[in-house]
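Below is one structure, written out as structure tokens; the observations come after it.
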Amino acid sequence: MEVSQPNDHVTHAVIGGGKTIDFGISDSAEFFDILSKTLYTDQILAVVREVLCNAWDAHIAAGCTDKPIQITLDSEHFMVEDFGFGIRHELIGPIYGVYGASTKKNDGLQTGGFGLGCKAPFAYTDHFEVISSHAGMRTIYNMSKSNAVAKGKPGIIPIASFPSTESGLRVKVPIQGKDWRRFQNDIERIVSNGEMNAVLNTKALPFIPFSKAPHGYVLTTEEVMGPSARHGQRILLRYGNVIYPIESNDELDKSFSSVLDVLKRFDGYTLILQAPSHSISVTPSREA
């Protein structure tokens with residue numbers, strides 16, 4: 001997904017002959033913790049959304065959307081397995097170990113683009129596991145939020161590697177038993193919103209058929225934003241596989257009010273508009 005329109009953010013120009021001084025990003029453990037923990041207001045939702053969207057993006061890229069992604073959930077783990085191309089060993093570090101690095105910045109069919117989503121499990125846990133099957137080899141990696149060898153910074157530790165005829169990626173996140181129901185509810189909602197072909201503990205999950213909507217919008221009575229959403233939020237926007245709230249402002253106020261007036265005739269329904277690829281900007285947290 002093209003996550004923003006770069007020209008929208010250029011606010012001024014400086015005329016001068018001096019050499020530009022480049023910006024950088026600190027690699028301190030504290031800064032990594034800020035990026036991981038404070039980016040999302042709902043850490044469980046972020047983990048579920050980002051891991052599931054990455055798995056479904058892998059199926060889109062590999063052209064195997066007819067095959068379901070496999071989701072396993074119990075009181076100890078949340079695990080998602082896709083059957084895409086997997087990630088070769090040389091790219092695990094650049095993809096999982098570099099904040100801001102993404103392979104999907106200009107792909108309008110996929111959800112990623114910020115280079116943050118695959119690190120989302122760190123918002124909830126200090127360790128998770130990634131198993132990549134690619135080009136005849138399967139490798140197990142331990143993703144650690146605080147690694148002694150790396151002086152407290154996140155680290156990727158290869159555990160084992162062995163031959164395999166499969167391809168794809170498996171992400172396994174440890175969870176607390178008290179959060180099991182929250183994970184289940186968020187899984188079902190994200191799969192439904194994302195129109196994903198997915199199986200949860202051997203059960204095929206239903207989804208809203210957005211791709212079959214003839215006019216680019218859907219009216220639904222489903223609770224697509226979850227119980228934590230602001231009450232009365234009835235106009236939403238779907239971009240990629242994620243649904244976002246639309247807030248009224250001075251530019252939208254007249255149209256926004258007109259649409260709300262129409263929605264009053266459909267008691268209990270929410271309007272979801274489908275945005276075309278490369279048409280909007282979203283926040284890095286994917287919450288607005």
Query raised in the report: Has the range 152-168 got any residue that is touching a Leu at 6+ places or on another chain (Cβ under 7 Å), over 18 Å from GLY86 (Cα atoms), charged (D, E, K, R) and open to solvent by 40 Å² or more (accessible area, probe 1.4 Å)?
Result: no
Requested in this report: Hey, could you check the range 241-258 for residues that are of a type in the set (A, V, I, L, M) and in contact with a strand residue (DSSP E or B) (Cβ under 6 Å, 6 or more places away or on another chain) and say which is nearest to ILE60 (Cα to Cα)?
Outcome: ILE243
Report task. Pull up the range 236-288, narrow it to residues that are of a type in the set (Lys, Arg) and without any contact (Cβ under 8 Å) to a residue 60 or more places away in the chain, then point me to the one that is least open to solvent (accessible area, probe 1.4 Å). Result -> ARG238
Report task. Find all pairs meeting these conditions: Cβ atoms under 8 angstrom apart; at least six residues apart or on different chains; first residue within the range 72-92 and under 13 Å from MET137 (Cβ atoms) and part of a helix (DSSP H, G or I); second residue open to solvent by less than 40 Å² (accessible area, probe 1.4 Å) and not basic (Lys, Arg). Result -> HIS89/SER132; HIS89/THR139; ILE92/VAL130; ILE92/SER132; ILE92/THR139; ILE92/TYR141
**Report entry** Criterion: within 16 Å of the chain's Cα centre (by Cα) and either modelled with pLDDT of 85 or more or of a type outside the set (Gly, Ala, Ser) (or both) - qualifying residue of VAL259, VAL282
**Finding:** VAL282
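Open to solvent by 30 Å² or more (accessible area, probe 1.4 Å), in a loop (DSSP other than H, G, I, E, B), farther than 30 Å from ASN201 by Cα and modelled with pLDDT of 75 or more: is that true of LYS19 in this structure?
So LYS19 fits the description; yes.
Each row is one residue, and each column tells you yes or no for (1) at pLDDT below 95; (2) among the hydroxyl-bearing types (Ser, Thr, Tyr).
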residue	(1), (2)
PRO206	no, no
THR220	yes, yes
GLU223	yes, no
SER228	yes, yes
HIS231	yes, no
GLY240	yes, no
**Report entry** Those residues of the range 169-200 which are assigned to a loop (DSSP other than H, G, I, E, B) and either open to solvent by less than 70 Å² (accessible area, probe 1.4 Å) or of a type in the set (A, V, I, L, M, F, W, C) (or both), in sequence order
**Finding:** ILE175, GLU195, MET196, ASN197
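A quick yes/no check of all residues on (1) in contact with a His (Cβ under 9 Å, 6 or more places away or on another chain); (2) modelled with pLDDT of 95 or more; (3) open to solvent by less than 30 Å² (accessible area, probe 1.4 Å); (4) assigned to a strand (DSSP E or B):
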residue: TYR40; (1), (2), (3), (4): no, no, yes, no
residue: VAL48; (1), (2), (3), (4): no, yes, yes, no
residue: PRO94; (1), (2), (3), (4): no, no, no, no
residue: TYR99; (1), (2), (3), (4): no, no, no, no
residue: PHE114; (1), (2), (3), (4): no, no, no, no
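Any chance you could count how many residues in the range 51-65 are open to solvent by 10 Å² or more (accessible area, probe 1.4 Å) and in a helix (DSSP H, G or I)?
7
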Query raised in the report: Of the residues that make up the range 230-246, is at least one part of a helix (DSSP H, G or I) and touching a helix residue (DSSP H, G or I) at 6+ places or on another chain (Cβ under 7 Å)?
Result: no
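The values are calculated or read from the model by the stated rules, or taken from the named source; none is laboratory data. Since the structure is predicted, the reported quantities are computational estimates derived from the model, not experimental observations. Cβ: placed from backbone, ideal geometry, glycine included. Neighbour counts: every protein chain shown. Only protein heavy atoms, including side chains, enter the accessible area calculation; ligands, DNA and RNA are left aside. Shrake-Rupley method; radii C 1.70, N 1.55, O 1.52, S 1.80 Å.
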